[in-house]
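Structure first, commentary second.
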């Protein structure tokens, strides 16, 4: 059950390349689970924002990971708190599942189309928080998600996990397609970056 505490609390646990996280504040109550190496991926996203569910599901499916996120939030205010806090939860899950980040490829990049839209993403999973996001969105919102909050979700994800993320929509006319191609390109880049390897992918000797 999601806790009903009105004060912020966090609870984490992880084993291997999996993680669980529960976060409760006066604005949202969220619980999540992640598995970076699932035999049969389970993806179940319910945030109360249709487009956010769609984008997080696309990320998980195309990254090849198992991801479950359930959120109860103050959508009567607007979509900002839910979007931001779901990004915090996903970031924390990723951080927990990656552990000390040794033995991963670290870098990933992808160029992904969706009809007329085309997005480019690059990721560095070393603990260097940086986000350069350009989704080229024109509408105020899509499917209950403010376009500015789509950008904010990705910024919060990268800065909280933390990792370096560059994503740019290169082509497109439809904002739904732009958002989706961006999230899918991030997913494909992430899938490459989390692959295991038998070397240290840093001249510093630590990620």
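The values are calculated or read from the model by the stated rules, or taken from the named source; none is laboratory data. Nothing here was measured: the structure is a model prediction, and the numbers come from that model. Virtual Cβ from ideal backbone geometry, glycine too; neighbours counted across all protein chains shown.
Quick notes on this one:
- Unique residue being in contact with a helix residue (DSSP H, G or I) (Cβ under 7 Å, 6 or more places away or on another chain) and at pLDDT 95 or above when the list is 65, 94, 123: 123
Matching residues to (1) surrounded by fewer than 23 Cβ atoms within 10 Å (Cβ to Cβ); (2) over 18 Å from residue 110 (Cβ atoms); (3) out of contact with any strand residue (DSSP E or B) (no Cβ under 8 Å at 6 or more places or on another chain):
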site	(1), (2), (3)
128	yes, yes, no
131	yes, no, no
138	yes, yes, yes
160	yes, yes, yes
166	yes, no, no
177	yes, no, no
186	no, no, no
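- Filtered residues of region 13-37 (kept if more than 21 Å from residue 83 (Cβ to Cβ), in contact with a helix residue (DSSP H, G or I) (Cβ under 7 Å, 6 or more places away or on another chain) and either modelled with pLDDT under 50 or not in a strand (DSSP E or B) (or both)): 14, 17, 36
- Condition met for residue 115 (out of contact with any strand residue (DSSP E or B) (no Cβ under 9 Å at 6 or more places or on another chain) and on the phi > 0 side of the Ramachandran plot): yes
- All positions within region 35-53 that are surrounded by fewer than 18 Cβ atoms within 10 Å (Cβ to Cβ) and either in contact (Cβ under 8 Å) with a residue 40 or more places away in the chain or farther than 18 Å from residue 18 by Cβ (or both): 46, 48, 50
- Residue match in region 142-150 (condition: over 19 Å from residue 59 (Cα atoms) and either in contact with a helix residue (DSSP H, G or I) (Cβ under 9 Å, 6 or more places away or on another chain) or assigned to a strand (DSSP E or B) (or both)): no
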